[in-house]
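Worksheet: one structure, shown below.
The values are calculated or read from the model by the stated rules, or taken from the named source; none is laboratory data. The structure displayed is predicted, hence computed values, not measured ones. For neighbour counting, all protein chains shown are included, and Cβ atoms are generated from backbone atoms with ideal geometry for every residue, glycine included. Ligands, DNA and RNA are stripped out before the accessible areas are found, and what is left, the full protein with its side chains, is counted by its heavy atoms. Shrake-Rupley method; radii C 1.70, N 1.55, O 1.52, S 1.80 Å.
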Amino acid sequence: MGKRKFNDDRIMDILKEHQSGMTVTDVCSKYGISEPTFYRWQSLQLRNAGFDVKRLRALEEENRKLKKLLAETMLAAATLSEMLEKTSRESA
């Protein structure tokens with residue numbers, strides 16, 4: 001397998017150019033790629049879009065759980081701090 005001529009970000013830029021109104025033929029000739037390569041990139045992008053949505057949902061769920069854990073921990077720390085203040089005032 002040879003070295004890739006275009007990285008993922010560059011491929012996305014090329015596909016966006018097509019979405020903005022350029023024809024496939026124009027995009028392919030501009031960047032020196034074949035039409036089958038362009039369509040392969042396009043199909044991979046569509047497949048990865050579904051994966052990204054799943055991954056995003058999983059990350060959002062994990063974020064929600066972490067926020068809940070943080071809130072519970074902060075509440076516990078505040079409660080302990082108040083109890084410590086009370087006991088130190090009572091013993092003094």
| message | Please go through region 6-56 and give me each residue that is modelled with pLDDT under 85 and among the basic types (K, R), ordered by number. | response | R47, K54, R55
| request: Would you be able to tell me the number of residues in region 21-41 that are open to solvent by less than 80 Å² (accessible area, probe 1.4 Å) and among the polar types (S, T, N, Q)? | output: 3
| note | Cβ pairs under 9 Å, 6+ apart or interchain, first in region 1-24 and more than 16 Å from S43 (Cα to Cα), second part of a loop (DSSP other than H, G, I, E, B) and of a type outside the set (K, R), ordered by first then second residue, are K5/G32; K5/I33; F6/I33
| request: Name the residue, out of L44, L70, that is among the hydrophobic types (A, V, I, L, M, F, W, C), surrounded by fewer than 11 Cβ atoms within 10 Å (Cβ to Cβ) and free of Cβ contacts under 8 Å to residues at least 12 places away in the same chain. | output: L70
